[in-house]
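Only one structure is covered here, and it is reproduced in the block below.
What follows is calculated from the coordinates using simple rules that are stated; it is not laboratory data. Quick caveat, the model's predicted, so the values are computed rather than measured. Please note: Cβ atoms are built from the backbone with ideal geometry, for glycine as well, and neighbour counts cover all protein chains shown.
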Amino acid sequence: MSTLLTPDARAVLERLAIEVPSWAYGNSGTRFKVFGTPGTPRDPFEKISDAAQVHRHTGLAPAVALHIPWDLVDDFAALKAHAETEGVALGTINSNTFQDDDYKLGSLAHADDRIRRKAIDHHLACIDIMDLTGSRDLKIWLADGSNYPGQADLRDRQDRLQDSLQRIYERLGEEQRLVLEYKFFEPAFYHTDVPDWGTSYAQVSALGERALVCLDTGHHAPGTNIEFIVMQLLRLGKLGSFDFNSRFYADDDLIVGAADPFQLFRILVEVVRGGGLEADSPVAFMLDQCHNIEDKIPGQIRSVLNVQEMAARALLLDRDALGAAQAAGDVLSANGVFMDAFQTDVRPALAEWRESRGLPADPMAAYASSGYFERIAAERVGGTQASWGA
Ligand code: AOS
Ligand code: ZN
Ligand code: ZN
């Protein structure tokens, strides 16, 4: 047995859980074309079954995030029971205030009380669903913003947003939380009402303890030091969740760790440093990705494995040697210790460890040979295939 992973590191890896998004299993694309794939789910039940394959082969993805209304069903108790039969749980509920004509000029920050009320009510309905699904987190991402200077009163919009969030927060149960996601632009191109971690932090701090920040790794300007934000939010006790993905240009929603593995490593080093992988950590790890041209289930398997791999490397970091080099002001030694952990190939050790836990050494190969894809491609003929947004 490889000794690369210490007993402490194994204990942390044992509890690493990454929630997968239901929308990753539907067809998605850019605004130019959505390419269909055989076997695409036709309803939320089939999305859950697909998501369960990721957990089955990796042991890493025990919960599935839902999006309302894309995953609206008549009977959420039945959906929950279906998830349990498949060996997973229903996770975070994502609200949607970006696909209704009423929300052209905003939702929770809208100047028109009728529309703002409608957006608040949608979130209250999402909390009703959370009561049925047993979900802990309500995740809010807002498309609210403006396209032209002068179009909106920026300050009034912050005040209205706070009022709306208060009303939503008041409805949460004792065990439930609200996480507010920020994004620097898109679909609004001049200003966004929650553009950065500071605004999200200010908004959730005014709500209370069970309101936290959601950090989507694809929602920052190029060059942003994301691990610094991770450190700061952990330091402030306000990092609620991650939406993991990777990006080359804007909000690309590509496979986490694909564009910049070193950045993912640096983020996970700060997560470990800040206690984000401790047993009592409040941090939820989620994927927020789309698979436009690659196969979806293996795309998700690769994603959770990438997070596991970088977490393992982050756990290898020799903190004592690093601390000594930092204290001595030895710049190159400190950087060398850091890079040693990043450059270590943990894949053989992880494969061995997986097998010791009754999981396939190679989850990608195990899925490919399971026959699942061939079965859904044959069975799911007819009906409307789910797509990102429906
Ligand atoms: C949008 O850019 C955000 O990343 C949200 O997390 C969004 O709710 C998610 O992509 C599903 O639509
Ligand atoms: Zn996101
Ligand atoms: Zn996004």
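Less than 5 angstrom separates the built amide H of ASP216 from those of TYR182, ASP243, all sequence-distant by 5 or more or on a different chain.
Here MET1 and ALA324 are evaluated by their C-beta separation; at R0 = 41 Å the FRET efficiency comes out at 0.90.
Phi angles across segment 63-80 convert, under the Karplus curve 6.51 cos²θ - 1.76 cosθ + 1.60 with θ = phi - 60°, into 3J(HN,Hα) values of 9, 10, 7, 10, 10, 10, x, 4, 10, 5, 10, 5, 10, 6, 5, 5, 5, 4 Hz, Gly and Pro given as x.
Taking label points 7 Å from Cα along the Cα-to-Cβ direction, THR384 and ALA279 give a separation of 4.8 nm. Residues SER95, SER356 in ascending order of nearby Cβ atoms (within 10 Å, fewest first): SER356, SER95. Within segment 8-111, none of the GluC sites (Glu not before Pro) combine a DSSP coil assignment with at most 15 other C-beta atoms in a 10 angstrom radius. Between GLU355 and GLU209, the modelled label-to-label distance comes to 4.7 nm, taking each label 7 Å out from Cα in the direction of the beta carbon. For the chain, the mean residue ellipticity at 222 nm estimated from helices alone is -14000 deg cm²/dmol, where every DSSP H run of n ≥ 4 contributes -39500 (n - 2.57) and the total is divided by all residues, rounded to the nearest 500. The Stokes-Einstein estimate for segment 108-147, based on a Kirkwood radius over Cα pairs and taken at 4 °C with 1.567 mPa s viscosity, is a diffusion coefficient of 114 µm²/s. Across the chain, the mean sequence separation of Cα contacts (distance under 8 Å, 6 or more residues apart), normalised by length, yields a relative contact order of 21 percent. For segment 258-390, the C-alpha radius of gyration divided by 2.2 N^0.38 Å, with N the number of residues, is 1.36. One chain, two ends: ASP43 and PHE185. Fully extended at 0.36 nm per residue, the span grows by 48.0 nm beyond their Cα-Cα distance.
The H on the amide N of LEU254, modeled in the peptide plane, is under 5 Å from the matching H of SER246, each at least 5 residues off or on a different chain.
Going by neighbour counts of Cβ atoms within 10 Å, the residues ASP295, ASP112 line up, fewest first, as ASP112, ASP295.
Annotation: the antiparallel percentage among DSSP beta bridges lying fully within the chain is about 10. Measure up LYS183/LYS238; LYS47/LYS238; LYS33/LYS183; LYS33/LYS238 against 27 Å on the Cα-Cα distance and list the ones that go over. Among LYS183/LYS238; LYS47/LYS238; LYS33/LYS183; LYS33/LYS238, the Cα-Cα distance tops 27 Å for LYS47/LYS238; LYS33/LYS238. Using the Cβ-Cβ distance between GLN99 and ARG167 with R0 = 22 Å, the FRET efficiency computed as 1/(1 + (r/R0)^6) comes to roughly 0.50. Looking at the square roots a ≥ b ≥ c of the eigenvalues of the Cα gyration tensor of the chain, which shape do they give, rounded for a/c under 1.5, prolate if a/b is larger than b/c, or oblate? In terms of gyration-tensor shape, oblate. Computed from the C-beta positions of ASN335 and GLU174 and an R0 of 56 Å, the FRET efficiency is 0.75 to the nearest 0.05.
How charged is the neighbourhood of LEU268? Take every other residue with its Cβ under 11 Å from the Cβ of LEU268, and add Lys/Arg as +1 and Asp/Glu as -1. Net local charge, LEU268 excluded: 0. Positive-end ranking of ASN27, TRP70, THR3 along the dipole of segment 1-128, with charges on Cβ about the Cα centre, is headed by THR3.
Here the spin labels are modelled as points 7 Å beyond Cα on the Cα-Cβ line, and at ILE293 and ARG117 they lie 4.8 nm apart. Listing ILE255, ILE301 from fewest to most neighbouring C-beta atoms within 10 Å gives ILE255, ILE301.
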